[in-house]
Structures are given as structure tokens and as C-alpha cells.
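*Asks:* Have a look at this one.
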Amino acid sequence: MIKNIKSLNPKPASIFDHQPDISVVPDIIIKQNKDRRDKLLNHLTKDIMFDINSPGNHVCWWNYNKLKQYLSEAGFSVIYRSGYGQSRLWWMRDLRYFDQTYPQISVYVEAIK
């Protein structure tokens, strides 16, 4: 199965050049997880090991709901969505210093403990 999962994301020239081929995922896995995208993503990434030679190949996934859950469990009491250049703190909206890395695929969340 790991061999098939690797084919979901072969090394493209750019992170924006590749669309995963979901046809290599066994139907039973999709059927068992069809109503929960997060459950399917957890299942697909649970056995993938980090490769120090390819640090750009991420082996985890995040979205707002997952971040909110983990931040809440870590004791953060105020958690809210943000966006590219949209922090509630004026100095964090300075795009010369913040939000410089792949805003097209980033998730922006702010939290207060």
C-alpha cells in the first residue's frame, strides 16, 4: 500500500504541477472513509515515514478544524481563522516579514492562550 500511496504524489517540478491520482487508493478504504475526509487523510498518511533527504515532502496534513482541535486541547481559549495578510495584529500584516511561504496552500489560524 505504501508503494501506491507514494504514487499519489510523485515529485513534480512544482508543488502546483501535480494532481493526486485517487484511483490508486483501494475502493474499500474510500468506502470506509467516504463521509470523513479527515479520517481518510489520516488513514493514508499514518504509515508514511519522514525522509530527511526530501524534507519538502510533507507526511502530515492540516486544515482549520484539525488545527482548532489541537490548539483547544493545548489550552488555547480563543482560536479564529485568519488569512493572507489579514492578522488581527497590525504588525503581522506586514507582508515583507510575514505570510511569505506558499500562501496558495497555507492555512491561517491565530490563537490566544
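Coordinate-derived values only; no laboratory data. Please read all numbers here as calculations on a predicted model, not as lab measurements. Glycine gets a Cβ as well: all are built from the backbone with ideal geometry, and neighbour counts include every protein chain shown.
*Asks:* If amide H atoms are built 1.01 Å from N in the plane of the peptide, which residues on other chains or at least 5 residues away come under 5 Å of the amide H of residue 62?
*Replies:* none
*Asks:* So how far apart, in nm, are the two label points at residue 98 and residue 81 if each is 7 Å from Cα heading toward Cβ?
*Replies:* Computed distance between label sites residue 98 and residue 81 equals 1.8 nm.
*Asks:* Amide H to amide H under 5 Å from residue 109: which residues, 5+ apart in sequence or cross-chain, H placed 1.01 Å off N in plane?
*Replies:* The list, which skips near neighbours in sequence, is 82.
*Asks:* Hey, what do the phi angles of segment 71-76 turn into as Karplus ³J(HN,Hα) couplings, whole Hz, using 6.51/-1.76/1.60 and θ = phi - 60°, x for Gly and Pro?
*Replies:* 5, 4, 5, 8, x, 6
*Asks:* Further question on the same structure: Report the FRET efficiency, 1/(1 + (r/R0)^6), for residue 74 and residue 48, where r is their Cβ-Cβ distance and R0 is 25 Å, rounded to 0.05.
*Replies:* Numbers: r = 24 Å, r/R0 = 0.96.
Step by step, r from the Cβ atoms, then E = 0.55.
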